[in-house]
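Take a look at the structure set out below.
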Amino acid sequence: FPVTIGLEFATEAGCSAYTDVAEMLAEAAPNIVSIIAPTSLHYSLAAMCLQSGAHVFIEKPIAATVLEADALINLAREEDRLIGVGHIERFNPAFSVLNAQILAGNIGVPIAVEARRASPMPHQIKDANVLVDLAVHDIDLCNAVMQAVPTAVTGKGTRSVLSDRDDAAHLFLTYPKGSACINVNWLSPVRVRELLVTGSTGWAKADLLGQSVTV
């Protein structure tokens, strides 16, 4: 929204507001900064904050590229600062229940995970594709369920409506003791957020929108 509106909100709330990040870091000297900005700005803003001595919380994804992400992680280590990334689905109550069931051994050892995440096109997102915006959530959840990171990843992205970015994608993740399939798109007229896990002795499903779990 316009800067003038932001300044008006700050006045009403009785807090300081800035239109320049460097000025804010110099004058306010915050201990921690939450970065809520377009993905393309995550690296530059986070680097400024880390170098100023602040810890950083970044809305997902951490950065626009792997190189930028690695650079931020290395910079945080050099500055002895912490970076947190907003993978909020890990704290979704439905996922918490699902994961507790898995950790309790109620479906045995996870063998296969299927994630479905679809929604209408979010028009506020101008610089990220559906993988960066949606699939990062499910990659994180699949890693949590499998308690590992993939040993191999294959996938296919398509541009069905958008001409400059993928708006639908399918991913297949191979883990040391299982696999995961992720389906994401911005083409659906309804929102879908589902995670299905097949174990060696059972099956579980979490509806991350409806906040329900079936085992």
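General observations
- Rounded to 10°, Cα long-axis angle of helix 93-103 versus longest principal axis of the chain: 50 degrees
- Using equal-weight Cα scatterers in the Debye expression, the normalised intensity of the chain in log10 at q = 0.08, 0.10, 0.19 Å⁻¹ is -0.35, -0.55, -1.32.
- Excluding the site residues themselves, the longest part of the chain lacking any trypsin sites (Lys or Arg not before Pro) in a DSSP loop with at most 14 other Cβ atoms within 10 Å is 1-125.
- Dividing the helix sum by the residues of the chain, where each DSSP H run of 4 or more adds -39500 (n - 2.57), gives a mean residue ellipticity at 222 nm of -9000 deg cm²/dmol.
- Spatially proximal lysines relative to Lys126 (Cα-Cα < 26 Å; intrachain offsets below 8 disregarded): Lys60, Lys156
- Think of each Lys and Arg Cβ as +1 and each Asp and Glu Cβ as -1; about the Cα centre, that makes the dipole of the chain roughly 980 debye.
- Once both labels are positioned 7 Å from their Cα atoms along Cα-to-Cβ, the gap between Asp70 and Val153 label points is 1.4 nm.
- Principal-axis analysis of the Cα atoms of the chain puts helix 42-51 at an angle of about 60° to the longest axis.
- Förster radius 25 Å - calculated FRET efficiency between Trp203 and Lys177, Cβ distance, rounded to 0.05: 0.90
- Dipole axis of the range 1-108 (+1 Lys, Arg; -1 Asp, Glu on Cβ), positive-most option in Cys49, Asn99, Ala13: Asn99
- Working from Cα pairs under 8 Å separated by at least six residues, relative contact order for the range 105-213 is 40 percent.
- Here the dipole of the range 1-118 is about 600 debye; that uses its Cα centre as origin and unit charges on the Cβ of Lys and Arg (positive) and Asp and Glu (negative).
- Here the range 28-96 and the range 155-172 have alpha carbon centers that stand 26 Å from each other.
Read the figures in this text as sums done on the coordinates, not as results from a lab. Keep in mind the model is a prediction, meaning the values are calculated, not measured. Backbone-built Cβ (ideal geometry, glycine too); neighbour counts: all protein chains shown.
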